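This report refers to the structure that appears directly beneath it.
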Amino acid sequence: MHYQDRLRVGAAQINATLGEVDANLGQHLATIREARERGVELLVFPELSLTGYGLGSRVMQVAMPLEDPRLQELALACGEMQTVVGFVEEASPGEYYNALAILQDGRIAAVHRKLNLPTYGGLEEGKWFTHGSELTHTAVRPGWSATQLICADLWNPALVHAALLPRPTVLCAPINSASGIVSDDFSNEQNWALNVRFYAMTYGTPVIMANRFGPEGQSHFWGGSRILDPRGELLAEAEERETLITAELSRTAIARARFELPTHRDADTPLIRELMAGHR
């Protein structure tokens, strides 16, 4: 099989209108068109990009089963470009997930359900959503694959380690981060930059972090969307506005970074499993 060495990726830093799925759908379609025109092959939208974040009991009103025609419309618009979209999934009556639809070739290629639902500071997702129970890993192009984690998933190091053990070439990180939402003393702006840079560098894995920019009620979503190379260096960073950023990743650069810092190779998975089992 011939592996392509380059992959054009993008992060869509948009704002969502709370609870207005149809209005947000139009914005997604416009951004998808722009990304395809710019040659993007992997596009990441923020967490809950189709619905907005502070839904509360409105979760039920905006939830969509996978058969929803609006998801199908998005999938058809993507063509060969793999696109990661945030939505509320209705799995069964009353069972709702903070989820990602991974779209490609006119279909839903996979769904990631958020694993780590935060219930601290101003966050209360555990009150409205069901916990996911599986990791996702999708093929993007020959030689390229991606794993997807949603926002607080990345603040559980064990989840990130488990997601990266299958050796995906890219980590997609859709988030919904507002200034001061954790506490007055915890800087989301500084600590998110530290978080994703650490994982990119440690695992030799490029990261596409897509955050919102703009207001929702009393909250301000600060943006800061970024694309990092496998050494954790910035390839692209969004300005403080709604925008689409893109960058080109190199499979050769990933190989070199992982060869020089062989975190994957030296991960003693059996020992880690034994240690984890001993602490249950």
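The values are calculated or read from the model by the stated rules, or taken from the named source; none is laboratory data. What you are looking at is a predicted structure, and each value in this text was computed from that prediction instead of being measured. Every residue, glycine as well, gets a Cβ built from its backbone with ideal geometry; the counts of neighbours run over all protein chains shown. When the accessible area is computed, the model is the full protein with side chains, heavy atoms only, and any ligands, DNA or RNA have been set aside. Shrake-Rupley method; radii C 1.70, N 1.55, O 1.52, S 1.80 Å.
Tabulated data
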quantity: Accessible surface, 1.4 Å probe, highest first, among residues F259, F186, F129; calculated: F259, F186, F129
quantity: Heavy atoms of E248: accessible area, 1.4 Å probe, square angstrom to 10; calculated: 90 Å²
quantity: Considering only the chain, percent of DSSP beta bridges that pair antiparallel, nearest 5; calculated: 75 percent
quantity: Prolate/oblate/rounded call for region 152-192, Cα gyration tensor, a/c under 1.5 rounded; calculated: prolate
quantity: Gyration tensor verdict on region 131-199 (Cα atoms; rounded if a/c is under 1.5, prolate if a/b is larger than b/c, oblate otherwise); calculated: prolate
quantity: Residues of region 154-171 with amide N under 12 Å of a point placed 7 Å along Cα→Cβ from S133; calculated: none
quantity: Extension gain, R6 back to L261 (0.36 nm per residue minus Cα-Cα distance, nm); calculated: 89.7 nm
quantity: Amide hydrogen neighbours beyond the local backbone of I245, cut-off 5 Å, H modeled; calculated: A11, Q13
quantity: Inter-centroid distance (Cα atoms) of region 226-280 relative to region 162-201, Å; calculated: 11 Å
quantity: Fraction of accessible area attributable to carbon and sulfur, region 6-277 (%, probe 1.4 Å); calculated: 51 percent
quantity: Using θ = phi - 60° and Karplus 6.51 cos²θ - 1.76 cosθ + 1.60, couplings along region 204-213 (whole Hz; Gly, Pro as x); calculated: x, 10, x, 10, 10, 9, 10, 10, 7, 9
quantity: Structure-derived Cα extents along the principal axes in Å - corresponding label in (1) 56, 40, 34; (2) 48, 47, 36; (3) 55, 50, 37; calculated: (2)
quantity: Tensor-based shape of region 167-280 (alpha-carbon gyration tensor, a/c under 1.5 rounded, otherwise prolate or oblate); calculated: oblate
quantity: Surface accessible to a 1.4 Å probe, per residue, for the residues of the chain, Å²; calculated: 45 Å²
quantity: Reciprocal mean inverse distance between Cα atoms of region 1-142 - Kirkwood radius, Å; calculated: 15.6 Å
quantity: Cut-off 16 Å, label 7 Å out along Cα→Cβ of R231, residues of region 181-216 by amide N; calculated: 197-207
quantity: For M81, residues with placed amide H under 5 Å, excluding near neighbours; calculated: D105
